[in-house]
Amino acid sequence: MYCGPAVLVLGSSNNRGGAGKMRFESWPAFRDLVSPAETRTLERADSAVEVLAPRDWPNARVEAWLDWADALPADYPDRDWPPELSPERPCDPLLGEGPDRHARRLAAWGWALGRFDRAQDAAAFASDMVCLMAGGCIAPGPALAFGVRAHPADPAQAPAPWFPDISTLRAAARGSHPALDSVAKAVLNCVGDRAACTDPVRNPALARAVSAARSAGFADGEISDILVLAAMGEDADSGFVDATAGILLADRDAIVSCDEVSSRAAQAGWRHGDLTLAFSPDDAEALLLAQIAPRAAINVLTLGREADLLAGARTLALALDIENSAGFCNDAPSAYLRRQHRPRAIVMAGLAERLVAEGLAYDSDAARRRATGLCALIGQAGPLVTVDDPEMALRLGATTLGLAPWRGPRTQAETADGETFATLAAPAQQALSRLGLDPDAARRHLIGHRTLDDAPHVNRATLTARGFTDLEIEAVESALATADDLAAAFAPSVVGVGFARDVLGASEEALADRAFHTLRFAGFTQNEIAAAEAYALGSESLTGAAIVPAEFHGVFVGADEISLEARLAMLAAVQPHITGPALAVLDLAFDASPDEAMRTQALAAGRGARALRIRRAPAPANLRLDLPAASSPERRAQEDEPTERPEAAKERVVERIVEIGRSRRKLPDRRKGYIQKASVGGHKVYLHTGEYEDGELGEIFIDMHKEGAAFRSLMNNFAIAISIGLQYGVPLDEFVEAFILTRFDPAGPVTGNDSIRSATSILDYVFRELGVSYLGRADLANVDPGEFHADGLGAGEAQEPQPISRFISKGFSRGATPDNLVFLPLPSRPAAGAVAADVCPACGDVALVRKGQARICQTCGGRQEKLGDAEG
């Protein structure tokens, strides 16, 4: 891999970065940080690719770099550039050529803009940038492939940003969806006990409104938010705000005092999580500039030596300065603001992990002094800001960004074949060694033994005494490798429903209950199960471990155990070295109330936070509001049926049990299927199907171009999960019923699909298409299914015969289809009420229809004057 400088030049290291011409000296230590690379096969959304990547990087991290590389701009300045920077020169293949292409383009623009004295300086800069990216030391932020760029000679001025005051929040409210309005009104118009009014089981009007909102595509989590607001006397649109770049100016005293305006702001942040409060115009402008500034993260964990960290920060600052001129913006105002202010955003990554590795508790004066020193060091090179960019963090190995605490000592690692497993995080291992503690004992405490051998209370001996045989115990032992708790490892699907019923004596009703716990039913106590679970599956934390003395517990606490006061104290300590306000992100649980959000907001404002944002956890995946049985459409239709109808007509199937084997039906190596390209709400989506020999669906792939790595990876793995379910025999109609009408962005009009015209989400579109194509579910289409045909020729006038090669894939058939086969189009469909066509004796087409006292062929025009001639 090309990581060395083209030419080593003499110069002072303090000239690394900054505006104007300069001599750039390559930093040799960067080459020592590059990990050995290897070629691996990576399955992306639509294909499998060979990629050169660092050996110890997991696939998710590599794919995040590939997604970033796919979106890189490719424009070069309109002037001669040194041969070392030419785009025609072969690129380093590492990570899809992304680091080399990015570094070379920046160096060429820097040369054109006069940032370097000599061509060798530009080449050395490009080399150092590649080394820093390959070593996991820096991660450039997202870049636009095209957009708006303000020319230095353009006389246009940037408009002065205007930020609405928080007092305008109520006036900026806009209407919500009628279905959500109905939910709120069903509560607001209810007279009586407030708890009963917000309970769909006891409020029939609310039950009907909730059912209608579900039918409109709203998830139960969003409906639950409306119920909470309605219980406070608020309508459905109270959470909407109109703000400049999501920023509102607020009066600190008003927020601290929790007045009505503070309550409105808390409700908006609680519901949407995209509202930032600033307490001065200067801070609001700084937040806006940070949003449009080119940004990149620098990893203080991998750049352990302070000299290396400073050199890396100065290189990064120079890269961002060049990007200010060479990069694109979304719109002209942002481009002119960027040209006028030249904002740069260096984001610190890995601070929390470094504090742990050095044995410092996050909530300690020593940790705050260490964080302040690192921020001051990076600040010598360029402006340091705090932003939230999950994809940038993923490209640095899922490290923390800014001042956030780390996630905890337990993390996930990946084997060579892509399997993930729990392990002890590297910073925790370094901290344990530094503090003289036993890393192996800590690993066993966190990961567990993953076996029940020698486990307390629940082991082979006690299980055998309760009727378990080697067959059930071995099944449990296998499940322990991936189980999260013993309830999952001992689930009836693992030990066998027949065993739980026939040996343990569980009833069918008990087994149907999702809360059924095999071990508790077998007579084990909660304390016994907890002790065995800790032995077999480990713990999430080291704070309760006997191997860690109490005075060191603070070193290993995760983000969930860090108080808001500790986070605010860290913000206050480093604020003098942060450009603009250090953003206080206030994390709340999903079930936290708006009042709790307001109190948390007031606490942060009272502790001196200059900018704050509420971030509420998403709704649990299994959240489901209880509705009375009569609120379901089937039950209401049943109740509306005439009473004189026979009883058998009211019979309903309320549950269907599908018994399937555990064997997986493999797809053929060469399989049929189709690729459907469409656009949902302006977002392109490709659906690729694979079929068995009999035409049954066996796999799907979902690819969304130009989306973020996290979303694309999620959709890719979701498609894999659906494919595995299909191959194990899960009926497709079960998936269709589960995922149609799910609602989330992107959503809206669908183009490119002849049967689906709109969708409430990507999943709604995908499973509507699969239902129409494989199940014949015409009710899922938005157009008349009679308007499209298998021949693709449409309705209307008769068509000429078409070569069969037009409709059969040459790739699948490998060109073996005979050329003399043709596809005969279907005859025109008669209008509603027309007599069915007969065979024409002249041309043989099924197109002979009655017109008056004669029969006319709609294909050849042949006429039979007497009906008896055709009938005889």
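The values are calculated or read from the model by the stated rules, or taken from the named source; none is laboratory data. Computed from a predicted structure; not experimentally measured. Cβ sites come from the backbone with ideal geometry, for glycine too, and all protein chains shown count toward neighbours. Ligands, DNA and RNA are excluded from the accessible area calculation, which covers all protein heavy atoms including side chains. Shrake-Rupley method; radii C 1.70, N 1.55, O 1.52, S 1.80 Å.
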Amide H contacts under 5 Å for residue 612, restricted to residues at least 5 apart in sequence or on another chain and with H modeled in the peptide plane, are 277, 584
Descending packing, highest mean Cβ count within 10 Å first, for 247-253, 528-534, 223-229 is 223-229, 247-253, 528-534
In segment 669-722 the accessible area split gives carbon plus sulfur, as whole percent at 1.4 Å, a share of 54 percent
accessible surface per residue for segment 352-414, probe 1.4 Å, DNA/RNA/ligands not counted, whole Å² -> 34 Å²
Per residue, accessible area of segment 203-306 with a 1.4 Å probe, heavy atoms of protein chains only, in Å², comes to 34 Å²
Sequence order, segment 459-469: Karplus ³J(HN,Hα) from phi using 6.51 cos²θ - 1.76 cosθ + 1.60, θ = phi - 60°, Hz rounded, Gly and Pro as x, gives 8, 4, 5, 5, 5, 4, 5, 9, x, 6, 9
A 1.4 Å probe over the protein heavy atoms gives segment 376-447 a carbon and sulfur accessible-area percentage of 48 percent
Sorted on mean Cβ neighbours within 10 Å (highest first), peptides 723-732, 146-155 come out as 723-732, 146-155
Using a 1.4 Å probe on heavy atoms of the protein chains only, the accessible area for residue 482 in Å², nearest 10, reads 120 Å²
Of the accessible area of segment 71-221, computed with a 1.4 Å probe and all protein chains kept, carbon and sulfur make up a percent value of 57 percent
Under the Karplus relation with 6.51, -1.76 and 1.60 and θ = phi - 60°, whole-Hz ³J(HN,Hα) for segment 525-537, x at Gly and Pro, equal 7, 4, 5, 5, 5, 5, 5, 5, 5, 5, 5, 7, 10
Excluding residues fewer than 8 positions from residue 677 in its own chain, the aspartates and glutamates with Cα under 19 Å of it are 46, 691, 699, 703, 707, 745, 754, 764, 769, 791
Given backbone amide H placed at 1.01 Å from N, residues whose amide H is under 5 Å from that of residue 588, ignoring those fewer than 5 places away on the same chain, are 615, 616, 617
Protection proxy (average C-beta count within 10 Å per residue), highest first, orders 95-102, 348-355 as 348-355, 95-102
To the nearest 0.05, the calculated FRET efficiency linking residue 421 and residue 596 through their beta-carbon distance, R0 being 45 Å, is 0.75
Phi angles of segment 383-394, converted by Karplus (6.51 cos²θ - 1.76 cosθ + 1.60, θ = phi - 60°) into ³J(HN,Hα) in whole Hz with x for Gly and Pro, give x, 9, 10, 10, 9, 10, 9, x, 5, 5, 5, 5
Computed about the Cα centre, the charge dipole of segment 471-587 from +1 Lys/Arg and -1 Asp/Glu charges at the Cβ has a magnitude in debye, to the nearest 20, of 280 debye
